[in-house]
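S.K.: Have a look at the structure that comes next, please.
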Amino acid sequence: MTVALVTDDHVDDHVDSMISGCLSLAVPRSFFVFAAAGSGKTRSLVKAANHVRDLHGAKLRLLGRRVGIVTYTNAAVDEIKGRLKFDPLFSVSTIHSFIWDLIGGFNQDIRGWLGDNLRQEIAELTASQAKG
């Protein structure tokens, strides 16, 4: 069996073009990249971020806006921030820290709901146990 070795570093460039097509300020579209370790996900993401900075960076900064980049691990966050030269235009975070930032102002509301819900569930369980 002969195995062909792919030496073309540009074989996936069409993917980068597809991602760039999602990055319009007028009609932005989210995208999700799923690929194996070492396949170039971070390279493509950084390339897309640089594309946004080049085309829209000045306007976004003028409007006080930032670009959110959400990834899985703290190691990936550090790698992406470094490759983007720690540009404050980009807010890079893990999924968990992104969600915590979103709900951070609702801690009291969440605690209140949990307390009320737990009391209700305990009351229902107690009533069920009393029946037999």
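S.K.: Looking for whichever is outside any helix (DSSP H, G or I) and closer than 15 Å to ILE19 by Cβ here; the options are SER39, SER93, SER44. Which one fits?
M.R.: The unique qualifying residue is SER39.
S.K.: Separate question: Kindly provide the set of residues from region 63-77 that are more than 16 Å from LEU23 (Cα to Cα), at pLDDT below 95 and among the β-branched types (Val, Ile, Thr), ordered by number.
M.R.: THR71, THR73
S.K.: Given the criterion open to solvent by less than 80 Å² (accessible area, probe 1.4 Å) and either modelled with pLDDT of 90 or more or assigned to a helix (DSSP H, G or I) (or both), identify the matching residue among LEU60, LEU102, LEU55.
M.R.: When all the criteria are applied, what remains is LEU60.
S.K.: If a residue has to be under 14 Å from VAL33 (Cβ atoms) and in a strand (DSSP E or B) to count, how many in region 63-78 make the cut?
M.R.: Number of matching residues: 3.
S.K.: Which ones in region 19-46 are surrounded by fewer than 16 Cβ atoms within 10 Å (Cβ to Cβ), of a type in the set (D, E, K, R) and under 14 Å from the mean Cα position of the chain (by Cα)?
M.R.: Within region 19-46, just ARG29 meets the criteria.
S.K.: Which condition number does ALA58 fail, the rest of (1) of a type in the set (A, V, I, L, M, F, W, C); (2) touching a Lys or Arg at 6+ places or on another chain (Cβ under 9 Å); (3) farther than 18 Å from PHE98 by Cβ being met?
M.R.: Looking at each condition in turn, ALA58 falls short on (2).
The values are calculated or read from the model by the stated rules, or taken from the named source; none is laboratory data. Keep in mind that what you see is a predicted model, and the values were worked out from it rather than measured. When we count neighbours, we look across all protein chains shown, and the Cβ atoms used for this are built from the backbone with ideal geometry, even at glycine. Areas reflect the complete protein model, heavy atoms only, side chains present, ligands, DNA and RNA absent. Shrake-Rupley method; radii C 1.70, N 1.55, O 1.52, S 1.80 Å.
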